[in-house]
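Peer 1: I am attaching a structure below and will ask some questions about it afterwards.
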Amino acid sequence: GAFPACRKALGAHGGLFEAIEEAVRVKGRPFLGICVGAQLLFEFSEEGNTPGLGVFKGKVIRFPAEKMFDEHGQKLKVPHMGWNEMFIVREHPLWAGISDRERFYFVHSYHFAPEEDIAVIESAYPYRFAAAVARDNIFAIQCHPEKSHTAGLKLLKNFVHWDGRFAATVS
């Protein structure tokens, strides 16, 4: 995904941007954002200095070159492509039956930088970042559950059966 192109396409198709805004604001109706679809829920992205939907306070930032080294000093690649562990920050119905430190597949150069306490899952590359955020009926995840084998399919199955309710509690 490319945030600016996605945002532009939403605006070019009469009413699509507004339909998404309305869908995320209907309490009780489950909403799932994946990868760039999740990023679009934030106020702003550094990618192309582009405004988002503003559903979540915060922005989407690029992995900073000066921090992209592993514990041995080896340079890490951006975009980040590969399997990473997911760390549960808060229990969420979409994570039911998925264990802490389960691996999911990522392809991204940018990640969420929320300005509110909405992280439910974190990952690390090389530092910890919010990999999934949630509030009320909205769940947004940076990785690709559709490419994440059994755990990803479990998350998608959980979404299909989710009633859209979420009460944030720290795990």
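Peer 1: Nearest 20 debye, what's the magnitude of the dipole of the chain about its Cα centre given +1 on Lys and Arg Cβ and -1 on Asp and Glu Cβ?
Peer 2: 280
Peer 1: Less than 26 Å apart at the alpha-carbon level, and either on another chain or at least 8 residues along: which lysines does that give for LYS157?
Peer 2: By straight Cα distance, LYS157 reaches LYS27, LYS147.
Peer 1: Quick check: residue separation of LYS67 and GLU146 times 0.36 nm, minus the Cα distance between them. What number comes out in nm?
Peer 2: 25.6 nm
Peer 1: Just to confirm, what accessible area per residue do you get for the chain at 1.4 Å probe, in whole Å²?
Peer 2: I get 50 Å² per residue for the chain.
Peer 1: Of HIS108, HIS144, HIS72, which has the largest mean-square fluctuation in a 10 Å C-alpha GNM of the chain?
Peer 2: Highest fluctuation of the listed residues: HIS72.
Peer 1: Starting at the first residue of the stretch 32-46, write each ³J(HN,Hα) from the Karplus equation 6.51 cos²θ - 1.76 cosθ + 1.60 with θ = phi - 60°, in whole Hz, x for Gly and Pro.
Peer 2: These are the phi-based 3J(HN,Hα) values: 10, x, 10, 6, 5, x, 6, 4, 4, 6, 8, 5, 7, 10, 5 Hz.
Peer 1: Say we join alpha carbon atoms closer than 10 Å with springs in a Gaussian network model of the chain; which of GLY73, GLY15, GLY152 then has the biggest fluctuation?
Peer 2: GLY73
Peer 1: Here is a further query. Whole-Hz Karplus ³J(HN,Hα) for the stretch 127-136, in order, using 6.51 cos²θ - 1.76 cosθ + 1.60 and θ = phi - 60°, x for Gly and Pro?
Peer 2: So the Karplus estimates, Gly and Pro as x, are 9, 6, 9, 5, 9, 8, 10, 8, 7, 6 Hz.
Peer 1: Sticking with this structure for a sec: Taking amide H atoms as placed 1.01 Å from N in the peptide plane, list the residues 5 or more away in sequence, or in a different chain, whose amide H sits under 5 Å from that of GLY52.
Peer 2: PHE44, SER45
Peer 1: Note down the accessible area of ASP163, probe 1.4 Å, to the nearest 10 Å².
Peer 2: Using a 1.4 Å probe on the heavy atoms, I get roughly 80 Å².
Peer 1: Counting only protein heavy atoms and a 1.4 Å probe, tell me what percentage of the stretch 1-54's accessible area is made up of carbon and sulfur.
Peer 2: 57
Peer 1: Report which label in (i) 1.05; (ii) 1.58; (iii) 1.00 holds the value of Cα Rg over 2.2 N^0.38 Å derived from the coordinates of this structure.
Peer 2: Evaluating Cα Rg over 2.2 N^0.38 Å on these atoms matches (iii).
Peer 1: Okay, moving on. Over what distance in Å are the Cα centres of the stretch 117-147 and the stretch 1-25 separated?
Peer 2: If you average the Cα positions of each part, the centres end up 21 Å apart.
Peer 1: List residues of the stretch 5-44, by number, whose backbone nitrogen lies under 17 Å from a label position 7 Å along Cα→C-beta of GLU116.
Peer 2: Within reach of a label on GLU116: 21-33, 38-44.
Peer 1: Using the Karplus curve 6.51 cos²θ - 1.76 cosθ + 1.60 with θ = phi - 60°, work out ³J(HN,Hα) for each residue of the stretch 66-80 in order, rounded to whole Hz, and write x for Gly and Pro.
Peer 2: For the stretch 66-80, the Karplus curve yields 5, 9, 8, 9, 7, 5, 9, x, 6, 5, 9, 7, 10, x, 6 Hz.
Peer 1: Can I ask one more? Can you tell me the mean projection area, over all orientations, of the convex hull of the stretch 28-107's alpha carbons? Units nm², please.
Peer 2: Approximately 7.0 nm², given one-decimal rounding.
The values are calculated or read from the model by the stated rules, or taken from the named source; none is laboratory data. Here the structure is a predicted model, which is why all the values come from computation and not from measurement. Ideal geometry is used to build each Cβ from the backbone, glycine not excepted, and the neighbour counts take in all protein chains shown. Protein only, heavy atoms only, side chains kept; ligands, DNA and RNA dropped before computing areas. Shrake-Rupley method; radii C 1.70, N 1.55, O 1.52, S 1.80 Å.
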